[in-house]
Amino acid sequence: MTILSICSDAVDRIAISLSGSTLFANTADTARQMRALANQEGKELMRRGSWEKLTKEKTFTSIAQEEQTGVIPSDYDHMLNETFYNRTRKREVLGPLSPRDWQAQKSILATVLYDSYRIRGGDVLMIPVPPAGDTYAFEYISKNFVLDENDVEKAAFTADTDTSILDEELITLGVIWRFLRAKGFDYAEAFRTYELQVSQALARDGSKRTLNFTQQINYGRPRYPGIQDGSWPL
């Protein structure tokens with residue numbers, strides 16, 4: 001479903017006219033507002049959760065310096081926690097370090113034992129300085145929630161033929177309640193329906209792990225060095 005179809009569906013549900021057969025070439029107030037609201041909805045919905053359709057993997061080869069330049073992808077929104085690993089040495093990269101923790105690590109005399117990182121100024125910073133040539137990987141959420149007619153990703157709707165990577169019904173419901181609110185109409189029920197559908201979509205999105213409170217599963221280095229399963233004090 002294109003963005004034109006999404007907005008046409010939205011106006012049909014609230015019984016108003018789009019005033020024309022196009023969206024982005026349309027100068028009518030309703031068309032202009034609909035496309036603005038659709039982009040607002042897409043950008044905010046993208047940040048509501050770690051959607052599997054927007055999840056990507058980034059791999060890079062380290063250079064022997066603290067600042068690993070050019071690592072952050074152009075479509076990067078945020079990294080998924082605890083997915084950053086050194087694949088060459090088979091161990092997790094700890095972090096992200098807070099500004100305070102980073103400065104503390106930079107100031108102490110003892111050798112930092114485990115790879116750690118923070119993101120500052122659009123670059124990945126690592127301590128200790130990694131050797132050149134190691135392979136690292138992490139997962140992140142892309143800010144690109146739109147596909148153009150050639151299936152090229154982008155971060156906003158800009159043409160009538162653009163489609164949404166995210167659930168089209170959620171975009172439609174989001175446009176509806178935002179339009180009603182902007183016009184000063186009662187939007188409580190439309191918003192309630194939207195929030196319910198988003199919550200259900202997030203609950204279904206991707207696969208879910210079964211929670212196990214009896215044992216700890218680690219891949220690589222234990223999260224708490226020196227403390228084995230079953231050795232917690234009573």
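Scan region 86-100 residue by residue and report those that are in a strand (DSSP E or B) and either basic (Lys, Arg) or not assigned by TED's automatic domain parsing to the domain that holds residue 60 (or both).
As a first pass, look at region 86-100 and keep what is in a strand (DSSP E or B): 86, 91-92, 94.
Matches in region 86-100: 91 only.
Residues that are crowded, with 19+ Cβ neighbours inside 10 Å and farther than 22 Å from residue 76 by Cα were ranked within region 27-53; the one that is farthest from the chain's Cα centre (by Cα) is 31.
Checking each residue in region 1-21 for being farther than 16 Å from residue 176 by Cβ and modelled with pLDDT under 95 picks out 19, 20, 21.
Inspect region 153-169 for any residue being at pLDDT 95 or above, closer than 13 Å to residue 14 by Cβ, assigned to a helix (DSSP H, G or I) and not basic (Lys, Arg) and give the result as yes or no.
Within region 153-169 (the criterion being at pLDDT 95 or above, closer than 13 Å to residue 14 by Cβ, assigned to a helix (DSSP H, G or I) and not basic (Lys, Arg)), the answer is no, since none of the residues qualifies.
Just the residues that are among the aliphatic types (A, V, I, L, M) and without any contact (Cβ under 8 Å) to a residue 40 or more places away in the chain, please, taken from region 104-155. Before you say what the answer is, go through the steps one by one.
Taking region 104-155 as the starting set, the residues that turn out to be among the aliphatic types (A, V, I, L, M) are 104, 108-110, 112-113, 119, 124-127, 129, 132, 137, 141, 146-147, 152, 155.
104, 108, 109, 110, 112, 113, 147, 152, listed by residue number.
A count restricted to region 179-204 and to residues that are within 22 Å of the chain's Cα centre (by Cα) and in contact (Cβ under 8 Å) with a residue 60 or more places away in the chain stands at 2. Taking the numbered list (1) part of a loop (DSSP other than H, G, I, E, B); (2) crowded, with 18+ Cβ neighbours inside 10 Å in turn, residue 124 passes all entries but (1).
Among the residues of region 137-173, those identified as surrounded by 16 or more Cβ atoms within 10 Å (Cβ to Cβ), of a type in the set (S, T, N, Q) and within 29 Å of residue 59 (Cα to Cα) are 142, 144, 163, 164. If you filter region 54-98 down to residues that are more than 26 Å from residue 152 (Cα to Cα) and without any contact (Cβ under 8 Å) to a residue 40 or more places away in the chain, you find that the one that is surrounded by the most Cβ atoms within 10 Å (Cβ to Cβ) is 95.
Of 27, 69, all but one fail to be over 30 Å from residue 167 (Cα atoms) and hydroxyl-bearing (Ser, Thr, Tyr); the exception is 69. Among the residues here, residue 83 does not qualify as hydroxyl-bearing (Ser, Thr, Tyr), in the same structural domain as residue 122 (by TED's automatic domain parsing), within 21 Å of the chain's Cα centre (by Cα) and in a strand (DSSP E or B).
When residues in region 23-71 are screened for being in the same structural domain as residue 180 (by TED's automatic domain parsing), among the β-branched types (Val, Ile, Thr) and part of a loop (DSSP other than H, G, I, E, B), 1 of them pass. Checked against (1) touching a strand residue (DSSP E or B) at 6+ places or on another chain (Cβ under 9 Å); (2) under 30 Å from residue 175 (Cα atoms); (3) in a helix (DSSP H, G or I), residue 106 passes all but a single condition, namely (2).
Among the residues making up region 1-22, those that are outside any helix (DSSP H, G or I), surrounded by fewer than 18 Cβ atoms within 10 Å (Cβ to Cβ) and of a type outside the set (Val, Ile, Thr) are 1, 15, 17, 19, 20, 21.
Does region 64-121 hold any residues that are of a type in the set (S, T, N, Q) and closer than 20 Å to residue 141 by Cβ, and which are they? Hits for region 64-121 are 68, 74, 81, 83.
Condition check for residue 160 on (1) more than 30 Å from residue 70 (Cα to Cα); (2) outside the structural domain of residue 18 (by TED's automatic domain parsing): one failure, at (2).
The values are calculated or read from the model by the stated rules, or taken from the named source; none is laboratory data. This structure is a prediction, so every number in the text was calculated from the model and none was measured. Quick reminder, even Gly has a Cβ in these numbers, built from the backbone with ideal geometry, and neighbours come from all protein chains shown.
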